[in-house]
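Nothing in this text is a laboratory measurement; each read-out follows from the coordinates by a stated rule. A quick note: this is a predicted structure, and the numbers were derived from the prediction, not measured. Methodologically, a virtual Cβ is constructed for each residue, glycine included, from the backbone with ideal geometry; neighbour enumeration extends over all protein chains shown.
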């Protein structure tokens with residue numbers, strides 16, 4: 001090996017070591033501390049609640065229940081419902097008023113609205129009668145599925161269940177909402 005080439009290789013190695021040290025010192029949590037998950041978690045692993053991203057491990061309260069941001073077996077963000085809680089919600093609860101994708105992660109629950117009305121035979125089931133949970137379909141898209149009666153939801157002071165649906169049973173045909 002050529003001496004000049006060996007010296008140049010040593011300089012490259014030394015520069016690499018110095019760069020690695022600078023990166024470690026600037027890393028969230030410092031070289032010796034634990035990383036700040038909010039700073040290093042990609043947005044894809046954060047949980048959405050009413051359009052707001054929450055880092056893994058964060059707990060929110062809504063409707064009298066605690067929910068922790070975690071992931072499912074595939075690594076997708078998911079709210080995990082915990083124990084019943086006292087006090088007001090710590091997150092907004094607009095209700096299941098539109099498609100959940102891009103607004104809520106799987107596991108989030110919201111009181112129903114006219115958006116979640118559905119039919120059983122020729123009978124209209126008003127969405128406001130239930131609490132709905134965001135659920136992934138087998139092929140990926142998220143949807144609201146009935147999860148509990150609306151009386152399982154604790155409404156914050158000044159809030160209340162959605163008003164009665166403007167729809168009627170005449171819009172139901174063979175379990176299809178027209």
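With the highest mean first, a sort of the peptides 58-64, 142-148 on other beta-carbon atoms found within 10 angstrom per residue produces 58-64, 142-148.
In the calculated pair-distance distribution of the range 51-174, the portion above 22 angstrom amounts to 36 percent of the Cα-Cα pairs.
For the range 138-178, rounded, prolate or oblate, judged on the Cα gyration tensor with a ≥ b ≥ c (square roots of eigenvalues), a/c < 1.5 rounded, else prolate if a/b > b/c? Write out the running numbers ahead of the final one.
Details: a/c = 2.66, a/b = 1.27, b/c = 2.08.
Cα axes put the range 138-178 in the oblate bin.
A convex hull fitted to the Cα coordinates of the range 103-178 yields 111 cubic angstrom per residue. From most to least packed by mean Cβ count within 10 Å, the peptides 127-135, 157-165 give 127-135, 157-165. Going from the residue with the fewest nearby Cβ atoms within 10 Å to the one with the most, 47, 119 rank 119, 47.
Please work out the FRET efficiency for the pair residue 72 and residue 98, using the Cβ-Cβ distance as r and a Förster radius of 25 Å; give the result to the nearest 0.05.
Details: r = 23 Å, r/R0 = 0.91.
For R0 = 25 Å, the calculated efficiency reads 0.65.
On full extension, the segment bounded by residue 115 and residue 155 gains 12.5 nm, given 0.36 nm per residue less the C-alpha separation. Projected label points at residue 173 and residue 56, each 7 Å from Cα along the beta carbon direction, are separated by 4.9 nanometres.
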